[in-house]
C-alpha cells in the first residue's frame with residue numbers, strides 16, 4: 001500500500017510520500033537509542049513539563065490539525081477538532097498524575113521483615129524504545145494515548161502510522177519537537193507494513209503496541225513473541241448495545257445513534273450489535289431506524305454534515321459486501337442498505353443502515369462491520385440477552401441500558417468484555433483502563449494500568465548490613 005494522502009470524499013490523491021530507506025531508518029533507530037539513554041534519567045517534573053508543552057501546541061494548532069485529519073480520513077471536522085482537544089487533555093492528565101501512578105511502592109513492614117530485608121520496595125523503570133503501530137480511525141488520539149504514558153514513564157517512542165495518514169503522522173512528530181522533546185524522543189517512521197518486522201526485531205526496540213485489525217495483531221504478536229518482546233494489542237470489536245425494559249428509551253435511542261455513527265461508524269468501541277428485549281423492541285427499533293435515516297451525509301468539512309465518507313476504498317468494499325450478504329440471506333434494511341447516488345458516488349460514502357432479521361447464516365453476525373451499519377436483534381429474556389452479547393469472537397466493550405441493580409450486577413459478572421457501560425456510551429478516558437479480551441487483544445492502555453505496561457517492574461531488596 002503506498003504512503004499517500006488520498007481525500008476519501010473525492011478519491012483524489014493529494015500527496016505521495018517516499019518510504020524511508022535503510023539509511024534513514026537506521027538513523028532514526030540510532031537516535032531513539034541515544035535519546036533513551038539520557039531521557040530515562042530525567043525527572044518526573046521534566047517529563048510533566050514536556051507533556052504540558054505538547055498539549056499547548058495541540059491547542060494552538062487545533063483547527064489546522066483537525067483539517068489535516070479530516071482531509072486524510074474523512075471524519076466530520078467538528079469530530080476531528082474534538083479529538084485534538086481530547087489529546088491535549090490526556091497529555092495534561094498524565095502530566096498531573098503520571099508520577100503518582102509509577103511512584104515507588106512499599107510493601108507492609110511485616111512483609112518486609114518476613115522477607116529477611118531491612119527495607120524493600122518496587123520501582124517502575126522504563127523499558128526503552130517502544131514501537132507503536134497505529135491505525136487511521138483516530139489518528140491523533142490512538143497515538144497520544146500511547147505516547148503520553150510511555151513518555152511520562154521515561155520511554156521513547158517510534159510511530160509507524162497507517163499509510164493513509166502520513167501528514168497526521170508527521171504533524172505528531174512536529175508537535176513533540178515544538179514542545180522541546182529531546183532529539184529522537186518521539187519519531188515518525190514513514191514505512192510500509194512490510195518493513196515493520198525488521199523494526200520489531202531490531203535489538204534497540206524493547207516493546208511494541210498495536211491498535212488495528214486482528215490479522216495485523218497476530219502478525220505483530222508472532223514476531224514480537226519470537227523476539228520475546230512485550231506487546232499490547234487493541235484489536236477489533238463488535239460491541240453489544242443491550243436495551244432492557246427499564247431503560248429510558250428516548251435516551252437509549254439518542255445514544256445508540258451516536259454510538260453507532262461516531263467517526264462515520266469506524267471505531268473499534270462503537271456499538272454494533274443492538275440487542276433489544278421484546279417488550280421494548282418495536283418502539284426502539286422504529287425510532288432508531290428513523291433517527292439513523294435522518295442523518296446528513298456529505299462533505300466532512302461542512303458544519304452540518306453528520307456522516308462523512310469511509311476512510312478507504314477497501315473499507316467501503318468490505319462494508320458493502322457484508323450488507324449485501326445479509327440482505328441476500330433475508331435480512332431487512334430498515335433504512336439505508338445501498339450506496340448513495342449523485343455527487344457522493346465519487347467518494348467512499350455509505351449511508352447509515354439498520355438491519356433486522358439477523359441470523360447466524362450471515363457474515364455480519366460474526367464479523368465486525370466497520371462503518372455506520374447496525375444490526376438489531378430481538379430477545380425474550382435477560383439470559384438470552386447475556387448469551388447473545390457474548391456470542392462474538394470479540395470482547396472489547398459493551399453497553400447495557402437498565403436501571404435494575406440486579407441486572408447491572410449480572411452483566412458485570414457475566415459479560416465477556418474489557419468494560420461495560422451502563423446507560424451511556426462507551427468512551428475512553430485517561431483515568432480508566434482501556435482494552436479487551438478474546439480476539440479484541442490483551443493488555444491495557446490508559447490509567448495506571450497503561451503507564452505500567454511498558455515499565456520494568458523492579459523489586460529492590462536491601463539485606464542487613
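For the reader, a short list of remarks on this structure follows.
- Helical content of the chain, expressed as a calculated mean residue ellipticity at 222 nm, amounts to -13000 deg cm²/dmol (DSSP H runs of 4 or more residues, -39,500 (n - 2.57) each, divided by residue number, nearest 500).
- Reduced Cα scattering model of the stretch 393-459, Debye log10 I(q)/I(0), q = 0.12, 0.26 Å⁻¹: -0.37, -1.13
- Dividing the alpha-carbon radius of gyration of the stretch 239-429 by the rule-of-thumb value 2.2 N^0.38 Å gives 0.98.
- As a rough guide to protection, the peptides 332-341, 419-428 ranked by mean Cβ packing within 10 Å, highest first, stand as 419-428, 332-341.
- Using equal-weight Cα scatterers in the Debye expression, the normalised intensity of the stretch 315-384 in log10 at q = 0.11, 0.19, 0.21, 0.23 Å⁻¹ is -0.28, -0.73, -0.85, -0.99.
- Label zone (residue 122, point 7 Å along Cα-to-C-beta; backbone nitrogen cut-off 12 Å) within the stretch 416-458: 449, 452-453, 456-458.
- The antiparallel fraction among DSSP beta bridges confined to the stretch 239-429 stands at about 15%.
- Under the simplified labelling scheme, the residue 201-residue 34 pair shows an inter-label distance of 2.6 nm, with each label point 7 Å from Cα along Cα→Cβ.
- Whole-number D in µm²/s for the stretch 251-361 (Stokes-Einstein; Kirkwood sum over Cα pairs; 25 °C, 0.890 mPa s): 167 µm²/s
- P(r) weight above 24 Å for the stretch 168-273, C-alpha pairs, percent: 49 percent
- Hull-based mean projected area of the stretch 1-94, where the convex hull spans the alpha carbons, in square nanometres: 8.0 nm²
- For the pair residue 44 and residue 10, label points projected 7 Å from Cα toward Cβ lie 5.0 nm apart.
- Neighbour-count ranking [beta-carbon atoms within 10 angstrom, fewest first] of 73, 362: 362, 73
- Euclidean distance of C-alpha centroids, the stretch 240-293 and the stretch 190-226, integer Å: 36 Å
- Protection proxy ranking for 310-318, 298-306, using the average of other Cβ atoms within 10 Å per residue and placing the highest first: 310-318, 298-306.
- In this rough spin-label picture, where each label sits 7 Å from Cα along the Cβ direction, the residue 317-residue 213 distance is 1.1 nm.
- The residue 103 and residue 228 beta-carbon pair, evaluated with R₀ = 35 Å, returns a calculated FRET efficiency of approximately 0.80.
- Taking the empirical scaling 2.2 N^0.38 Å for compact globular proteins as reference, the stretch 228-274 has a Cα radius of gyration ratio of 1.51.
- Full extension of the chain between residue 246 and residue 61 yields a length gain of 62.1 nm, computed as 0.36 nm times the residue separation minus the alpha carbon distance.
- Rg(Cα)/(2.2 N^0.38 Å) for the chain, N = residue count: 1.02
- Cα gyration tensor category, rounded, prolate or oblate, for the stretch 139-204 with a/c compared to 1.5: oblate
- For the peptides 75-87, 57-69, the ranking by packing is 75-87, 57-69, with the highest mean count of neighbouring Cβ atoms within 10 Å listed first.
- Beta bridges per DSSP with both ends in the chain, % antiparallel, nearest 5: 35 percent
- Equivalent ellipsoid semi-axes, the stretch 325-442, via Cα gyration tensor eigenvalues times 5, rooted, Å: 29, 19, 14
- Förster-model FRET efficiency, 41 Å R0, residue 110 and residue 193, C-beta, rounded to 0.05: 0.20
- Within the stretch 309-352: backbone nitrogen closer than 11 Å to the residue 361 label point (7 Å, Cα to C-beta): 328-331
Read-outs: derived from the displayed coordinates by stated rules, not from any lab. The model shown is predicted, which means the values in this text are computed figures rather than measured ones. Counting neighbours? That spans all protein chains shown, and the Cβs are built from the backbone with ideal geometry, glycine included.
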